[in-house]
Amino acid sequence: MQSHAKVVVIGGGVVGCSILYHLAKLGLNDVVLLERKELTSGSSWHAAGIIHTINSDSNIARLQGYTINLYKELEELTGQSCGIHRPGGIYLASTRERYDYLKQERAKARYLGLDSDFISLEHARELNPLIDPKKYVGALFEPVDGHVDPSGVTHAYAKGARHYGAKIHRECPVIETNPLPDGTWNVVTPQGTINAEVVVNAGGLWAREVGRLAGIDLPVQPFEHHYIITETIPEVRDHGKEVAVTVDYEGNTYTRQEHDGLLYGTYELKPQAWAVNGTPQDFAAELLPDDLGRISERLEIIFDRMPALANAGIKKVVNGPFTFGPDGNPLIGPVPGLRNYWSAVGVMAGFCQGGGVGLCMAEWIINGEPGIDVWGMDVARFGNFATRDWGTIKSRENYSRRFRLTYPNETLPEGRRQKTTALYDRFIERGAVMGVSFGLEHALWFAGSKDKAEETPTFRRSNAFSYVADEVKAVREHVGMIEIANYAKHEFKGPGAAAFLDRLLANKLPKTGRLALSPMLTPKGKLYGDLTVGKLDHETFMLFGSGAAQDMHRRWFEMQMPRTGVTYRNVTDELHGFAISGPKARTLLSRLTRDDVSNGALKFRDIRRMVVADVPVILTRVSFSGELGYEIYCAPQFHMRLFEALEAAGADLGVRLYGGRALMSMRLEKNWGVWTLDFRPDFTAAESGLDAFIAFDKTADFIGKAAAKADKPAKRLVTMIVDTKDVDCLGDEPIFHGGKCVGYVTSGGYAHHVRKSMALGYVPTQCAGDGTELEIELLGDFYKARVVARPVYDPDGQRMRS
Ligand SMILES: Cc1cc2nc3c(=O)[nH]c(=O)nc-3n(C[C@H](O)[C@H](O)[C@H](O)COP(=O)(O)OP(=O)(O)OC[C@H]3O[C@@H](n4cnc5c(N)ncnc54)[C@H](O)[C@@H]3O)c2cc1C
């Protein structure tokens, strides 16, 4: 065995083989895959092999489309059959709410270039003669869906990888992965040790064990999963063509044809986690004992909806384990905190997603960034809060909800209160409806009392509407306060900090005591951050940004940082505090500090260390609400004290707690985008408008400078007023111009102060002009939308500067 490799992939399931294939295909020759037994010794061999494109994350849906279309090409290249069947897929809704969900999926497909569309229930029955149309209210048809042979696909990837020069060693278990000071890894096997520049954990069922070899815990968990293959069913045999793959959401079933019968499976509500304390090393290409009793309740529903199934004889029952992640999507990419160690685990739909995962991993390893934004799959979306137990709890929840509807305003109940601030109980007492971001609980809105603190899950406006309206009113007219523990805070110190940040950030660094907004770009000029940078003293800087993206940003900083001269710490959990904003914010602040906080003394975009309410704080004069505002950061042990003081001092000013929903409403009327929605690596600075914060004239050759300079954007982020009455955009709705789909919404909602439904989205430059009339498809209906170039609220930003 060779002693060195550019990349060592651990695991020869469908995911590892696809990564190897893509690395080799994209030109990396020195790449090796190590498999402890034979290829497909984990979950890959016994999959049902169903392929479909639907995914709630549009980019993952795109990658699923890529995967499905790859199979033909793989067969042609390798001569290895992938067993492709493409009878199309039907998605059945039996409730109005699920029908709404399908309308959203269909709308999304329009801009993704997919052909899915609604068909009549009679047509659905023609495609699957077993279904009882009376049980349903709607059916969506996706022509590319079908199924493949799992073993054939995995071997085709392996064969294709070898074709491009990659090597595969079977019967070669990795028993140690040891990091070396130069950033490489020694990958130890009984057959020898390979020094690898990059290690990829594609250990599937053993992802956790492979992770432990590198000292990390990955929050994934295998679950038992049953499917049943029937004897011949006359309706199937006599159908004349292959029965369409069918997903019945409320029936919680998937089915596909297998010979003259059907294969059907279900996701039970009380799933059985498998090997919680570790996947046995001697397990390989095995099945687990069946336990049909566990799924019998689910089967009753299926039999009611597809009566012929009830009478079909059972030919085979498969109960096999496969691995789930906390939100059902894979965990891929460089693992924050480790050098050159990559994850490709928790891929629960390897035959839908494996190709896309392989492509993104290969592009990312070779080019330093994937071709599209992979946030929905990025391992960095989970931080140290994602412990082993939490991983099991959330993965269980996700398994049980596989076919259950999750509404856009719904926050899932399991694994909650993993991280809280000191005020959690008080907020609950005041009727806070809590959300969660990067493991931390934060208030979405306040119902006023505990007994009212429940939000109805819906695609439309919820019972939160009037409460959020009141919160917005309090901020716009008086003063509001919101917890900011969930904002990310990054601290850079040292003599080399300024030079490093000058290269990292596209804007000029501020002077001491000042703040600047700055995009952070990738070498290709894509957005990688939208940060506020503050200079506290000559060699201390703070960066404030998206809380959800804190580990993604940490990873980026650590990858770019020089070895000496600058130290970095993610201090998010060390700084809690409040943002206060509204016309009376200054009065409130002035009551709690001896410092002069007049407009002349504490200017818009100032940052300083000071004492507020006897608490040492870092204070920034900025606001995301568009009002005069201050963000006051304090250590967690002072958080309660600061809160009590703010409330007491602000009582006669009408101070009011508000939550994230009100903030998101207020930023809409200011035309401000947010990270993970409107700003993300799918877009460039010029497309998003953040190029306004790029200092092209600064001397530092900041990352992405050349690409950003050369950028001639064909599309732009615009803000639109949407002509709706009782429904608002959520994101992912297609935008039309002259009857043609030209773009899509990235975020939306109701702007309570200006009383308008608003949305942000990307459209071609020629459709981005002020006043352009567009149309948006929202839950199956078309609404007029008009581009507004300037904010509808305080367009010149007088209030923040007042
Ligand atoms: C019953 C069932 C039905 C399914 N149906 C579908 C479906 O219809 N569609 C779909 O897309 N997906 C389906 N899946 C899921 C699919 O099987 C998985 O998504 C896929 O197998 C994951 O592949 P993987 O490569 O990540 O993991 P695995 O297949 O588990 O591969 C991991 C590999 O790593 C190797 N390995 C582990 N540790 C080491 C080590 N230390 N050194 C060297 N090698 C190591 C293992 O031997 C194994 O071969 C189904 C799964 C099951 C169980």
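Report those strands (runs of 3 or more DSSP E) wholly inside the range 88-205 carrying at least 3 residues which are modelled with pLDDT of 95 or more and within 28 Å of residue 379 (Cβ to Cβ). Counting at least 3 such residues, we get 167-169, 176-179, 185-189, 192-201. For the range 176-190, what are the residues that are β-branched (Val, Ile, Thr), open to solvent by 10 Å² or more (accessible area, probe 1.4 Å) and within 14 Å of residue 338 (Cβ to Cβ)? Of everything in the range 176-190, just one residue is β-branched (Val, Ile, Thr), open to solvent by 10 Å² or more (accessible area, probe 1.4 Å) and within 14 Å of residue 338 (Cβ to Cβ), namely 184.
Is the range 337-358 home to any residue that is within 16 Å of the ligand (Cβ to nearest atom), open to solvent by 40 Å² or more (accessible area, probe 1.4 Å), basic (Lys, Arg) and touching a Pro at 6+ places or on another chain (Cβ under 8 Å)?
For the range 337-358, residues within 16 Å of the ligand (Cβ to nearest atom), open to solvent by 40 Å² or more (accessible area, probe 1.4 Å), basic (Lys, Arg) and touching a Pro at 6+ places or on another chain (Cβ under 8 Å): absent.
Which one of 224, 268, 209 is open to solvent by less than 10 Å² (accessible area, probe 1.4 Å), within 14 Å of the ligand (Cβ to nearest atom) and acidic (Asp, Glu)? That would be 268, the only listed residue that is open to solvent by less than 10 Å² (accessible area, probe 1.4 Å), within 14 Å of the ligand (Cβ to nearest atom) and acidic (Asp, Glu). Pairs are defined by a Cβ separation below 6 Å, a sequence spacing of at least 6 or placement on different chains, a first member in the range 627-646 that is β-branched (Val, Ile, Thr), and a second member that is crowded, with 16+ Cβ neighbours inside 10 Å and assigned to a strand (DSSP E or B); the pairs so defined are 632/577; 632/578; 632/612; 632/617; 632/619. Listed by first and then second residue, the pairs linking a residue in the range 13-25 that is open to solvent by 10 Å² or more (accessible area, probe 1.4 Å) to a residue that is within 11 Å of the ligand (Cβ to nearest atom) and aromatic (Phe, Trp, Tyr), with Cβ atoms under 9 Å apart and 6 or more places separating them unless they lie on different chains, are 13/45. For residue 298, the criteria (1) modelled with pLDDT of 95 or more; (2) open to solvent by 20 Å² or more (accessible area, probe 1.4 Å); (3) touching a strand residue (DSSP E or B) at 6+ places or on another chain (Cβ under 6 Å) hold in every case but one, which is (1).
Pairing residues of the range 347-359 that are polar (S, T, N, Q) with residues that are open to solvent by 10 Å² or more (accessible area, probe 1.4 Å) and near the ligand (Cβ under 6 Å from one of its atoms), at Cβ distances under 6 Å and at least 6 apart in sequence or on separate chains, gives 353/347. Any idea which residue in the range 506-524 is nearest to the chain's Cα centre (by Cα), counting only those that are among the small types (Gly, Ala, Ser) and either surrounded by fewer than 24 Cβ atoms within 10 Å (Cβ to Cβ) or part of a strand (DSSP E or B) (or both)? Here the answer is 518. Cβ-Cβ distance below 7 Å, separation of 6 or more or different chains: which pairs start in the range 313-330 with a residue that is farther than 16 Å from residue 267 by Cβ and part of a strand (DSSP E or B) and end on one that is away from the ligand (no atom under 12 Å from the Cβ) and not aliphatic (A, V, I, L, M)? These pairs meet every condition: 314/230; 315/230; 315/231; 315/261.
When the range 746-764 is filtered for residues that are more than 14 Å from residue 726 (Cα to Cα) and open to solvent by 50 Å² or more (accessible area, probe 1.4 Å), only 753 remains.
Checking each residue in the range 39-69 for being touching a strand residue (DSSP E or B) at 6+ places or on another chain (Cβ under 7 Å), near the ligand (Cβ under 7 Å from one of its atoms) and in a helix (DSSP H, G or I) picks out only 46. Taking the range 316-333 as the range and being within 17 Å of residue 11 (Cβ to Cβ) and more than 7 Å from the ligand (Cβ to nearest atom) as the test, the residues that pass are 324, 325, 330, 331, 332, 333. All conditions in (1) over 30 Å from residue 390 (Cα atoms); (2) β-branched (Val, Ile, Thr); (3) within 12 Å of the ligand (Cβ to nearest atom); (4) assigned to a loop (DSSP other than H, G, I, E, B) hold for residue 243, with the sole exception of (3).
Flag: residue 385 matches the condition of being surrounded by fewer than 18 Cβ atoms within 10 Å (Cβ to Cβ) and touching a strand residue (DSSP E or B) at 6+ places or on another chain (Cβ under 8 Å).
The values are calculated or read from the model by the stated rules, or taken from the named source; none is laboratory data. Only a predicted model underlies this, so the values are computations on that prediction, with no experimental measurement involved. Virtual Cβ from ideal backbone geometry, glycine too; neighbours counted across all protein chains shown. Only protein heavy atoms, including side chains, enter the accessible area calculation; ligands, DNA and RNA are left aside. Shrake-Rupley method; radii C 1.70, N 1.55, O 1.52, S 1.80 Å.
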